[in-house]
Structure formats: structure tokens, C-alpha cells
1. Looking at the stretch 1-36, which of its residues are modelled with pLDDT under 50 and either among the basic types (K, R) or more than 18 Å from L88 (Cα to Cα) (or both)?
2. List, please: which pairs have Cβ atoms under 7 Å, are six or more places apart or on different chains, and start with a residue in the stretch 63-79 that is free of Cβ contacts under 8 Å to residues at least 60 places away in the same chain and end with one that is in a helix (DSSP H, G or I) and surrounded by fewer than 16 Cβ atoms within 10 Å (Cβ to Cβ)?
3. Give the residues of the stretch 21-69 that are surrounded by 12 or more Cβ atoms within 10 Å (Cβ to Cβ) and not in a helix (DSSP H, G or I), sorted by residue number.
4. Does any residue of the stretch 39-62 turn out to be of a type in the set (A, V, I, L, M, F, W, C) and in contact (Cβ under 8 Å) with a residue 60 or more places away in the chain?
5. Which residues, taken from the stretch 11-20, are free of Cβ contacts under 8 Å to residues at least 24 places away in the same chain and loosely packed, with under 15 Cβ neighbours inside 10 Å?
6. Would you tally the residues in the stretch 12-30 being closer than 18 Å to S59 by Cα and either of a type in the set (D, E) or over 17 Å from the mean Cα position of the chain (by Cα) (or both)?
7. From the set of residues in the stretch 88-106 that are in a helix (DSSP H, G or I) and of a type in the set (D, E, K, R), which is surrounded by the fewest Cβ atoms within 10 Å (Cβ to Cβ)?
Amino acid sequence: MSSTRKSKAGDDLRSNARERAVHLLYEAESRDLPVATIVSAQILGVDDLVSLLTAGVSSRRSELDEIITEHSHTWTIHRMPAIDRNILRLAIYELMDRPDVPVAVIINEAVELAKRFSTEESGRYVNGVLSAIAKKMRAKGV
């Protein structure tokens, strides 16, 4: 993650923070380590938004995984690519705990991350799952 590379999801601090958070979440899952351990081991410190996102996803991971399982009809959570799981976790966390962020922004950024870092089909899959979840969550005021 070079600081000079422009992100296709957007070249703003929030987009970059989401991208870095997804990478840290993925690394923690891949290495079977707590997210906090991965975050604290970073040579380049993480900014406040990355810390908020990774800590939020980590603290609500079981709940996030239940939501993914409930809305993912074609793949079990363990069969989907790990990067997709972490993108979905991050986006659902934002839908739940960051009502100031518009739904369209959350979904668009998640889809862009899936397109860039996962399979050919991941963008559409993430979009479909998040669209269904967002309708229910934001309608309930969650």
C-alpha cells in the first residue's frame, strides 16, 4: 500500500482508510491473530479512522458474521473468499455504527474494493449482499 499510489475507490482519506482497514482485517484473519496485534505491529502508524474501523469490526465480528450468513444465500461465510468476508464485515459495521456515512458511499466503496482485490464476480456479489442488508438496517434505523 504505497502512499503515492492512487486508489481507484477514491483518493481521499476515508477511501484509503477503508482500504487499509480491509488489508489489516484480512491479515489478522489469515494469520489467526487479533486485529489489535496486527494494527499495533504496523511500522507506519494507523490513523484514527483505520483504528476505529478495525476495532469496530473486531468487537462485533460474531454479529457481523451472523448478518453475512443470514443474507448470503449462495455461499456460506467460510466458502467465500476471505477478502470478501472482510470487505462485507467492514461495510456492515459502517452500516450499523456510522449513520453519518451514506449507504451509497458504503456500498460503492465495498464494491470497488471487491473488484480490485478479489475475484471477477466479487463486486456483484458484495453489491447484492450489501444492498439487501442496507435496506433492512437503515430502514430499522440500525
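1. M1, S2, S3, T4, R5, K6, S7, K8, G10
2. Correct list of pairs: I77/T69.
3. Residues satisfying the conditions are L33, Q42, V46, D47, R60.
4. no
5. Result: D11, D12.
6. Residues that pass the stated criteria total 2.
7. Step by step, filter the stretch 88-106, then rank; the result is D97.
Yes or no, residue by residue, for (1) of a type in the set (S, T, Y); (2) in a helix (DSSP H, G or I); (3) crowded, with 21+ Cβ neighbours inside 10 Å:
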{"position": "I77", "(1), (2), (3)": "no, no, no"}
{"position": "I83", "(1), (2), (3)": "no, yes, yes"}
{"position": "N86", "(1), (2), (3)": "no, yes, yes"}
{"position": "N108", "(1), (2), (3)": "no, yes, no"}
{"position": "E112", "(1), (2), (3)": "no, yes, no"}
{"position": "E120", "(1), (2), (3)": "no, no, no"}
{"position": "R124", "(1), (2), (3)": "no, yes, no"}
{"position": "S131", "(1), (2), (3)": "yes, yes, no"}
{"position": "K136", "(1), (2), (3)": "no, yes, no"}
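The values are calculated or read from the model by the stated rules, or taken from the named source; none is laboratory data. Predicted, not measured: the structure shown is a model, and the values here were computed from it. Please note: Cβ atoms are built from the backbone with ideal geometry, for glycine as well, and neighbour counts cover all protein chains shown.
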